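Below you'll find the structure, written out as structure tokens, and then a few comments.
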Amino acid sequence: MVRVTFLHPDLGIGGAERLIVDAALALKKSAHDVNIVTTHYDPERCFVETKNGTLPVIVVGNWLPRHIFGKFYALCAYIRMIYAAFYIFFIDKHPDIVVCDLVSICIPILKLFIRHTIFYCHHPDQLLTLPGGRLKSIYRLPLNYLEEITTGQADKIFVNSYYTAEVFKNTFKRLSVQPEILYPSIHTNFFDSIDIPSLDITLGNKKLPEDSIILLSINRYERKKNLSLAIDSLFALSNFLTEDEFNRTYLIMIGGYDKRVNENVEHYEELIKLADELKISDKIIFLRSPSDHDKISLLKHCTLLIYTPPNEHFGIVPLEAMYLRKPVIAHDSGGPKETIINNTTGYLIPELSAKAFAEKISVLIKDKLLRDRFGDAGRDRVIRTFSFEAFMDQLNNTVIKLIE
Ligand SMILES: *[C@@H]1O[C@H](CO)[C@@H](O)[C@H](O)[C@H]1NC(C)=O
Ligand SMILES: *[C@@H]1O[C@H](CO)[C@@H](O)[C@H](O)[C@H]1NC(C)=O
Ligand SMILES: *[C@@H]1O[C@H](CO)[C@@H](O)[C@H](O)[C@H]1NC(C)=O
Ligand SMILES: *[C@@H]1O[C@H](CO)[C@@H](O)[C@H](O)[C@H]1NC(C)=O
Ligand SMILES: *[C@@H]1O[C@H](CO)[C@@H](O)[C@H](O)[C@H]1NC(C)=O
């Protein structure tokens, strides 16, 4: 048995958090002793395994500021994580291994007293910050340098896709280390254990009719996720569907939403406004930070998934939809190129255009047999290539090898 601690900045409900929770579950299932240390945790916005006792969570340093007058988010996150790294030192039993992700600055500190560190790189952090003025680039310069140097100090580096491996190589030019690909997986037992016979989502206060066509979009309320593409595609669908088909079509948008994050709050309003302008607000339901139950209910009962972000680093949602036998329509870039097989488990659309998305969506809406065929192929692909067992073995072997 190896003692493993996961160190993660904000244990919310995004893809990065899902990966950390699944990795912790996988190591626990491999009979290791696992816990999670985080600098922010909200029981209203977290995965169920972190609050039902399956995975112990320790919250430290939440009192430290997240920003200074709306600026210096990265610097504050670094300070919070350094604090959390020191905290691990004071835990009764030292972990043998610490797995961290997102913020690499804590690695040299961990190395002072932890034998082995693993870094999971979802994407280089420096590419995630929005461009700013000259002052911002001066401020980022040392942070970027530190990110590169400290990332290189991990004993083992994982990335989530070949796409990210390529980005890693082009960003961290000073590092010669080859990161290993550890594809995220989904905890399929969990999906199997939840039985939801019919959709229990309402529009306003009326239930959606039985014969509704439901398009689902799942993504945080962030501009880079290009959620407006889903709304524009619904609007464009009127050109490809009969009036009756279009009348029965609804779009449900669900996504992580944190009221402390301005962008989430603003973007949510922007999308509602867009739907109003296009006069299709009565066909769209917006849900914020849905429970696992609601999310799985929708995945099970939707017609198909629209996945809008371009250059997504991996994208766990397409896998979840595929496992639940839903075709996925996504832009032909980033992780979806590795998860979706075009014209077999869904469609990869070469342009970011609502018309192109709508055209392929309409093909699937009109052809139930095709949807079923895509759905079966999708499930098959997840089980074959992204199984939880394979994910678990890869992690277990890494942990065992490091210790030896
Ligand atoms: C973990 O890996 C070790 C070494 O490869 C192996 O002996 C052990 O059975 C594995 N544990 C599980 C639960 O697969
Ligand atoms: C988002 O999608 C629209 C089409 O609805 C496209 O014109 C635009 O370039 C995309 N924006 C981003 C940031 O990807
Ligand atoms: C579609 O909906 C519109 C507006 O509610 C209605 O006027 C029209 O009759 C409907 N068409 C069909 C074919 O149901
Ligand atoms: C898509 O797949 C179908 C068979 O499922 C095939 O008949 C069709 O030619 C394919 N389309 C393209 C453009 O490859
Ligand atoms: C995916 O297949 C469709 C035809 O089924 C084709 O129109 C589209 O261009 C293909 N996408 C890519 C990225 O090759």
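The values are calculated or read from the model by the stated rules, or taken from the named source; none is laboratory data. Keep in mind the model is a prediction, meaning the values are calculated, not measured. Cβ sites come from the backbone with ideal geometry, for glycine too, and all protein chains shown count toward neighbours.
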Which residue is nearest to MET1 (Cα to Cα), if the candidates are limited to segment 374-404 and must be under 26 Å from the mean Cα position of the chain (by Cα) and among the basic types (Lys, Arg)? ARG384
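Each row is one residue, and each column tells you yes or no for (1) hydroxyl-bearing (Ser, Thr, Tyr); (2) at pLDDT below 95; (3) within 19 Å of the chain's Cα centre (by Cα).
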position: PRO131; (1), (2), (3): no, yes, no
position: SER137; (1), (2), (3): yes, yes, no
position: LEU141; (1), (2), (3): no, yes, no
position: LEU146; (1), (2), (3): no, yes, no
position: ALA154; (1), (2), (3): no, no, no
position: ASN160; (1), (2), (3): no, yes, yes
position: GLN178; (1), (2), (3): no, yes, no
position: SER193; (1), (2), (3): yes, yes, no
position: LYS206; (1), (2), (3): no, yes, no
Residues satisfying the stated conditions in segment 187-229, i.e. within 16 Å of ligand 2 (Cβ to nearest atom), touching a Phe, Trp or Tyr at 6+ places or on another chain (Cβ under 8 Å) and assigned to a helix (DSSP H, G or I): LEU229
Being in contact (Cβ under 8 Å) with a residue 12 or more places away in the chain and loosely packed, with under 14 Cβ neighbours inside 10 Å is the requirement here; does ALA31 meet it? yes
Can you tell me which of (1) surrounded by fewer than 22 Cβ atoms within 10 Å (Cβ to Cβ); (2) more than 16 Å from ligand 5 (Cβ to nearest atom) is the one PRO310 doesn't meet? (2)
Of everything in segment 282-313 that's out of contact with any helix residue (DSSP H, G or I) (no Cβ under 9 Å at 6 or more places or on another chain) and not in a helix (DSSP H, G or I), which residue is nearest to GLU49 (Cα to Cα)? SER289
Test result for ILE118, in contact with a Lys or Arg (Cβ under 6 Å, 6 or more places away or on another chain) and touching a residue at least 40 places away in the same chain (Cβ under 8 Å): yes
Checking VAL399 against (1) outside the structural domain of ALA24 (by TED's automatic domain parsing); (2) away from ligand 3 (no atom under 16 Å from the Cβ); (3) over 21 Å from THR164 (Cα atoms); (4) touching a helix residue (DSSP H, G or I) at 6+ places or on another chain (Cβ under 9 Å), which test does it fail? (1)
Determine whether segment 351-364 contains at least one residue that is crowded, with 17+ Cβ neighbours inside 10 Å, closer than 29 Å to ASP192 by Cβ and more than 24 Å from the chain's Cα centre (by Cα). yes
How many of the residues making up segment 157-183 are crowded, with 22+ Cβ neighbours inside 10 Å and free of Cβ contacts under 8 Å to residues at least 40 places away in the same chain? 2
Any chance LYS279 is outside any strand (DSSP E or B) and within 16 Å of ligand 3 (Cβ to nearest atom): yes
Name the pairs: first residue in segment 43-72 and in a loop (DSSP other than H, G, I, E, B), second residue of a type in the set (D, E, K, R), Cβ to Cβ under 6 Å, at least 6 apart or on different chains? PRO43/LYS51; LEU55/GLU49; GLY61/ARG80; LEU64/ARG80
Residues of segment 345-355 being touching a His at 6+ places or on another chain (Cβ under 9 Å) and outside any loop (DSSP other than H, G, I, E, B), in sequence order, are LEU348, ILE349
Selected residue (only one of ASP393, ASP332, ASP380, ASP367 is acidic (Asp, Glu), more than 26 Å from LEU227 (Cα to Cα) and not assigned by TED's automatic domain parsing to the domain that holds THR164): ASP380
Counting only residues that are touching a Ser or Thr at 6+ places or on another chain (Cβ under 8 Å) and away from ligand 2 (no atom under 16 Å from the Cβ), how many does segment 304-325 have? 6
Top-ranked residue in segment 52-93 [being of a type in the set (Lys, Arg) and surrounded by fewer than 14 Cβ atoms within 10 Å (Cβ to Cβ); ranked as farthest from LYS136 (Cα to Cα)]: LYS93
With respect to GLU44, is the statement that it is acidic (Asp, Glu) and under 20 Å from LEU182 (Cα atoms) true? no
Could you go through segment 340-354 and let me know if any residue there is touching a residue at least 40 places away in the same chain (Cβ under 8 Å) and acidic (Asp, Glu). no
Could you run through segment 105-133 and say how many residues are hydroxyl-bearing (Ser, Thr, Tyr) and touching a strand residue (DSSP E or B) at 6+ places or on another chain (Cβ under 6 Å)? 2
Search result, residues across segment 365-376 that are in a helix (DSSP H, G or I) and surrounded by fewer than 20 Cβ atoms within 10 Å (Cβ to Cβ): LYS366, LYS368, LEU369, LEU370, ARG371, ASP372, ARG373, ASP376
Restricting the first residue to segment 235-247 and requiring it to be touching a residue at least 24 places away in the same chain (Cβ under 8 Å), which pairs with a second residue that is of a type in the set (Asp, Glu) and within 16 Å of ligand 5 (Cβ to nearest atom) meet a Cβ separation below 7 Å and a spacing of at least six or different chains? PHE240/GLU359
Can you give me the number of residues within segment 318-344 that are farther than 18 Å from LEU215 by Cβ and in a helix (DSSP H, G or I)? 5
